1. Each residue of the stretch 304-312 in turn: what ³J(HN,Hα) in whole Hz from Karplus with 6.51, -1.76, 1.60 and θ = phi - 60°, glycine and Pro shown as x?
2. Over all pairs of distinct alpha carbons, what does the Kirkwood formula give as the hydrodynamic radius of the stretch 256-404, in Å?
3. Thr23 accessible area, nearest 10 Å², 1.4 Å probe?
4. Using Cα centres only, tell me the gap between the stretch 197-245 and the stretch 82-153 in whole Å.
5. Accessible area per residue, 1.4 Å probe, Å², for the stretch 256-404: what's the number?
6. Using only Cα atoms, what Kirkwood radius does the stretch 357-489 have, in angstroms?
7. Cα to Cα, under 16 Å, and not fewer than 8 places away if on the same chain: which lysines meet these conditions relative to Lys462?
8. Which distance in nm do the two modelled labels at Ala256 and Asp363 give, with both placed 7 Å along the Cα-to-Cβ direction?
Amino acid sequence: MLGKAGDSLAHNLLKFVSVDRETPEKRTADVRRDDFDEIFRNFQPDFAAEQAGRCSQCGVPFCQVHCPLHNNIPDWLMLTAEGRLEEAYEIASATNTFPEICGRICPQDRLCEGNCVIEKGFGGVTIGAVENYIVETAFAEGWVKPPRPARELEQSVGIIGGGPAGLAAADRLRRKGYQAHVYDRYDRIGGLLVYGIPNFKLEKRDVERRARLLADGGVVFHTEFEVGRDAGLAELRARHDAVIIATGVYVAREIALPGSGLDNIVAAMTYLTASNRKGLGDAVPAFDSGALDAREKHVVVIGGGDTGMDCVRTAVRQGAASVSCLYRRDRDNMPGSQREVSHAIEEGVDFVWLSAPEAFLGDRAVEGVRAQRMRLGAPDASGRQTPKPVPDSSFTLPCDLAVTALGFDAEDLPAAFDAPDLGLTRWGTLKISYKTMMTSLDGVFAAGDIIRGASLVVWAIKDGRDAADGVDAYIRAKAAGDAVAAAAE
Ligand code: FAD
Ligand code: SF4
Ligand code: SF4
């Protein structure tokens, strides 16, 4: 920490008693329903400084403890309150590879802001928005530079997956001088930042801006390169000094109900990818034919997580006749961010709480979803109350497009990569040593959702950075061992 707020700073800080918590300007629901633009505008300078000045500069900053990257939040808030934005940017970017992305899409209510000590009674500091403001200022002022190393190293690292975990690893490895090669099966870099998360949460140009910086810094991107199809893991291991697997989790959990095979029942990622591609200007036949377009349809989304929230809000923007979200627990027990639920309600989504689907109805295509009311019983192992069916409580929702958003599992990577010795956890994710980030295969590391299961961008960034450090330690140890062996010969 830079030091406690002294007399010279006190006039800019500790303002939480006199200044109310404010977010940046939020576009009204009526306006934002009609486009896919981000719903918040950036802070204006005076406003950002004033909001940053609400921080009480805690001796034990719980905001920092609960940020997965342990960002030095109090210091960047103090510097923002003082108008010292270049220094604030240095601090914000020291621990976070993509702070402007986290500032936009972290569920701050569950992480930094939700644990801010002034949250109860005064409303937490708007940490994410200030983080975003600092970095947007840094981009505008030209302070954000590509990852150029002081010294080039000859060793190369192959990174499978160009999502936030792979990109954070590539950035950190480049800064250390390694030759970083990112292989991705998609045509664009960014993973779920591009094809999962909709524009109204994170605009694609912000991801493209980061991908460009990495390329300018010497990261080599091999797009439309699927490991398991275009090369095996063994080939990549032979090509590089180390490999990082950051392939995410994409196997959609299915729902086995009567009528599941009807047309117009789609998985969330199929639906969101089509919408994101359309927004990027791609030809998307399944969208253009109307199959994945919610326009004038009655849409029912099944699932109450963040992916479900993105689906309902996408359907609203596509001009659906009605959008309902079926969730078997109540709002307090939803896994999704409460902030996202509030946005969806403002935008006109109808939440059908305490309801579970029983069957899809229709002849060829879905025409309705029959659901059953639930009540909540005792808490389960996760602490959430277990839903129990209410007898004779069935009802039917009209539905022309049903979207299932029930979570994701990991692909069988040992089979896909022809690497039977790649160890798995009992959940099918890759097993690693959390000390080194190395898998069961020598020199093969892993990061992101593929080790955690479906998680968050901020955790993917943390893992990517940690995996890069693990690779660095591994390559150095190997080089030292080789030098000793050569000297002994
Ligand atoms: P991914 O982002 O999934 O990237 C993996 C990459 O690996 C992909 O580009 C893929 O093409 C590539 N790949 C996979 N297999 C291969 C192969 N065999 N060969 C080559 N390339 C391969 N998190 C938040 O923090 N905030 C949010 O608001 C949020 N919203 C979300 C909304 C949706 C709809 C979804 C699905 C997730 C959301 N998340 C959110 C979660 C977040 O996106 C993920 O936790 C994060 O992207 C994981 O990063 P990753 O790099 O591990 O994987
Ligand atoms: Fe908060 Fe996320 Fe930023 Fe950490 S990275 S300070 S959790 S917004
Ligand atoms: Fe400031 Fe809140 Fe963090 Fe305390 S917990 S240092 S008040 S942001």
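The values are calculated or read from the model by the stated rules, or taken from the named source; none is laboratory data. All values derive from a computational prediction rather than experimental measurement. Cβ coordinates were reconstructed from backbone atoms using ideal geometry, including for glycine residues, and neighbour counts include every protein chain displayed. Quick note on the areas: whole protein, heavy atoms, side chains included, nothing else; ligands and nucleic acids left out. Shrake-Rupley method; radii C 1.70, N 1.55, O 1.52, S 1.80 Å.
1. Working through the residues one at a time gives x, x, 5, 5, x, 5, 5, 5, 5 Hz.
2. On the way: mean 1/r = 0.0638 Å⁻¹.
Evaluated on the stretch 256-404, it is 15.7 Å.
3. For Thr23, the solvent-accessible surface is approximately 60 Å².
4. 24
5. Numbers: 6170 Å² over 149 residues.
Counting only protein heavy atoms, the per-residue value for the stretch 256-404 is 41 Å².
6. Answer for the stretch 357-489: a Kirkwood hydrodynamic radius of 19.4 Å.
7. Lys435
8. Distance between label points: 2.9 nm.
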